[in-house]
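Asker: One structure, pasted below without further comment.
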Amino acid sequence: MKDPASPVVRVHSGAVVIGGGPAGLMAAEMLAERGVAVSLYDAMPSPGRKFLLAGKGGLNLTHSEALGSFIPRYGARAGLFQSLLAEFGPNDLRHWARELGIDTFVGSSGRVFPEGMKSAPLLRAWLRRLKSMGVAINARHYWRGWSEAGRLRFHSPAGMVEVEAPAVVLALGGASWPRLGSDGSWVDLLAGRGVAAAPIRPANCGFDLGWSHRFAGRFAGQRLETVELSFNGVTVRGEVTLTETGIEGGAVYALSAGLRDAIAESGIAMATLDLMPDWPEARVLEALSRPRGSRSLSTFLKRVLPLSPPALGLLRELLPRDVMDNPVLLAAEIKALPLPLLQTRPLAEAISTAGGIRFEDLDEHLMLKTLPGVFVAGEMLDWEAPTGGYLLTGSFATGRRAGLGAAEWLAAAGEGISPSSCR
Ligand SMILES: Cc1cc2nc3c(=O)[nH]c(=O)nc-3n(C[C@H](O)[C@H](O)[C@H](O)COP(=O)(O)OP(=O)(O)OC[C@H]3O[C@@H](n4cnc5c(N)ncnc54)[C@H](O)[C@@H]3O)c2cc1C
């Protein structure tokens, strides 16, 4: 009789993919397409939880801008993404979605969305396709590293499971939104095998300023529409949302990498906000210089300038009374209001994660140089990009390359391509 404490051992002759987000599912598809038997393991009750959440506010699959503008979005990793996107770029992604029966369209901002905006129909069609290709999905299997014998260890509802396979793709995501499955526990597991990740940090995140209770109570959740946020010579036009403790939103995320790094270096990042980007300062000053009469400052400002209540509230929160009463100083502040950012919001709240497995530790197929047969894909790699579809595009492209790399590795080893492989 089997000792209840001893693990169940499964031996796969094909590939194991751990992590069923966009990167892992794409790796599984590439492997299966090349005839490799694939078993995918995921910690959650079903794959693609973060992908589904991404579709809540409209799934921004990729971006329609030319590759010349698209590639630099990957910052320090642009060179690498140039080659990844040459193999599977934004148009390939749209074509791939169409083949799944999901048409895409370009929104007014140039961002690309699936018809209907949601992730669920795309994910459903994708999982159907993977199933028809023979990919076996093992949900509720939480990866815990390697056993002494070198097997992959999983915690499952049936107890400990140990898995042997000649190739594995790790696609475990970053460390934001841990309740959706990616909790970053792989950092320690890989460190234990001598692979040190670059420090994990929040990306596309909000920031704390420390508002007064009065201001937070009144304005948290309200948006400053069409403002310009600037930092370090870069200006982004978009929206900024006021939160309980600070700011978040599209314009903030676009500058968040530089802001985060500046805070880490000097303890503070001073961004500036143009509350009326379509009005030159001279026009603002001219409006503020009109006679105020007996009107209160609030009534006067509301009458002469098209400032929203949260914008007016922000000026009052941040500026001393003598500046508010001085048209020259106030006009200058409305055009460049200093916002002292004190810290990033916690990693768990961020849209994505910076840091991770360094490309220097991988070969060109995204295989770990020190762990042959172990490939890495998606957000757990050390790259970051702003929102706008670049994160998913990068996850798909790296998942594809890792999957193809694992298939080649198995073919070279003469393994994996057998219809009777254990699943
Ligand atoms: C609110 C929100 C909105 C977003 N919107 C967009 C958007 O519109 N456009 C865009 O481009 N990007 C968006 N993103 C980012 C995008 O969703 C991610 O970059 C992308 O999902 C990363 O893919 P991945 O496959 O690398 O990781 P993930 O999608 O995180 O998948 C990793 C998988 O690994 C599993 N896993 C983790 N650890 C273990 C373990 N130890 N054992 C077993 N399984 C494990 C997880 O359960 C998960 O299924 C958004 C993110 C958030 C949070």
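Asker: Take region 81-103 and flag every residue that is under 18 Å from residue 25 (Cβ atoms) and part of a loop (DSSP other than H, G, I, E, B).
Answerer: Once the filter is applied, which keeps residues that are under 18 Å from residue 25 (Cβ atoms) and part of a loop (DSSP other than H, G, I, E, B), region 81-103 yields 88, 100, 101, 102.
Asker: Being near the ligand (Cβ under 10 Å from one of its atoms) and on the phi < 0 side of the Ramachandran plot is the filter here; which residues of region 157-177 pass it?
Answerer: Result: 170, 171, 172, 174, 175, 176.
Asker: Return a yes/no flag: does region 26-42 have any residue that is away from the ligand (no atom under 15 Å from the Cβ), farther than 19 Å from residue 351 by Cα and of a type in the set (Ser, Thr, Tyr).
Answerer: Scanning region 26-42, I find no residue that is away from the ligand (no atom under 15 Å from the Cβ), farther than 19 Å from residue 351 by Cα and of a type in the set (Ser, Thr, Tyr), so the answer is no.
Asker: Go through 379, 360 for me and flag whichever is among the charged types (D, E, K, R), within 12 Å of the ligand (Cβ to nearest atom) and under 22 Å from the mean Cα position of the chain (by Cα).
Answerer: After ruling out the rest, the residue left standing is 379.
Asker: Residue 198 passes all but one of (1) more than 16 Å from the ligand (Cβ to nearest atom); (2) in contact (Cβ under 8 Å) with a residue 12 or more places away in the chain; (3) farther than 19 Å from residue 349 by Cβ; which number fails?
Answerer: Against the list (1) more than 16 Å from the ligand (Cβ to nearest atom); (2) in contact (Cβ under 8 Å) with a residue 12 or more places away in the chain; (3) farther than 19 Å from residue 349 by Cβ, residue 198 comes up short only on (1).
Asker: Is it the case that region 74-85 has a residue that's within 12 Å of the ligand (Cβ to nearest atom) and not β-branched (Val, Ile, Thr)?
Answerer: no
Asker: Looking at 106, 169 in this structure, which one is out of contact with any Leu (no Cβ under 6 Å at 6 or more places or on another chain), more than 20 Å from residue 30 (Cβ to Cβ) and among the β-branched types (Val, Ile, Thr)?
Answerer: Unique residue meeting the criteria: 106.
Asker: Out of region 241-268, which residues are polar (S, T, N, Q) and under 19 Å from the mean Cα position of the chain (by Cα)?
Answerer: 241, 256, listed by residue number.
Asker: So, one more: What's the number of the only condition in (1) of a type in the set (Val, Ile, Thr); (2) out of contact with any Gly (no Cβ under 8 Å at 6 or more places or on another chain); (3) within 28 Å of residue 44 (Cα to Cα) that residue 106 fails to meet?
Answerer: Answer for residue 106: the failing condition is (3).
Asker: If I filter region 348-360 down to residues being surrounded by 21 or more Cβ atoms within 10 Å (Cβ to Cβ) and not β-branched (Val, Ile, Thr), which single residue comes out as farthest from residue 145 (Cα to Cα)?
Answerer: Restricting to residues being surrounded by 21 or more Cβ atoms within 10 Å (Cβ to Cβ) and not β-branched (Val, Ile, Thr), the top hit is 350.
Asker: Output yes when any residue across region 34-56 is aromatic (Phe, Trp, Tyr) and under 21 Å from residue 132 (Cβ atoms), and no when none is.
Answerer: Yes, that holds for at least one residue.
Asker: So which residues in region 218-231 are more than 23 Å from the chain's Cα centre (by Cα) and free of Cβ contacts under 8 Å to residues at least 40 places away in the same chain, if there are any at all?
Answerer: Within region 218-231, just 220 meets the criteria.
Asker: Quick one: is residue 275 outside the structural domain of residue 60 (by TED's automatic domain parsing) and within 27 Å of the chain's Cα centre (by Cα)?
Answerer: Spelling it out, it is not the case that residue 275 is outside the structural domain of residue 60 (by TED's automatic domain parsing) and within 27 Å of the chain's Cα centre (by Cα).
Asker: In the list 64, 46, 13, which residue meets the criterion of being more than 7 Å from the ligand (Cβ to nearest atom), closer than 26 Å to residue 110 by Cβ and of a type in the set (Ser, Thr, Tyr)?
Answerer: 64
Asker: Here's another thing I want to ask about it. Across region 15-72, which residue is surrounded by the most Cβ atoms within 10 Å (Cβ to Cβ) among those that are without any contact (Cβ under 8 Å) to a residue 40 or more places away in the chain and among the hydrophobic types (A, V, I, L, M, F, W, C)?
Answerer: That would be 71.
Asker: OK, next. Would you check which residues across region 75-102 are surrounded by 13 or more Cβ atoms within 10 Å (Cβ to Cβ) and closer than 30 Å to residue 152 by Cβ and list them?
Answerer: 77, 80, 81, 84, 88, 93, 96, 100
Asker: Turning to a different aspect of this structure: Within the bounds of region 148-158, is there any residue that is acidic (Asp, Glu) and crowded, with 16+ Cβ neighbours inside 10 Å?
Answerer: No: zero hits.
Asker: For region 124-164, give me the residue count where each residue is closer than 23 Å to residue 30 by Cβ, among the hydrophobic types (A, V, I, L, M, F, W, C) and over 28 Å from the mean Cα position of the chain (by Cα).
Answerer: 2
The values are calculated or read from the model by the stated rules, or taken from the named source; none is laboratory data. Only a predicted model underlies this, so the values are computations on that prediction, with no experimental measurement involved. We place every Cβ from the backbone using ideal geometry, glycine too, and count neighbours over all the protein chains shown.
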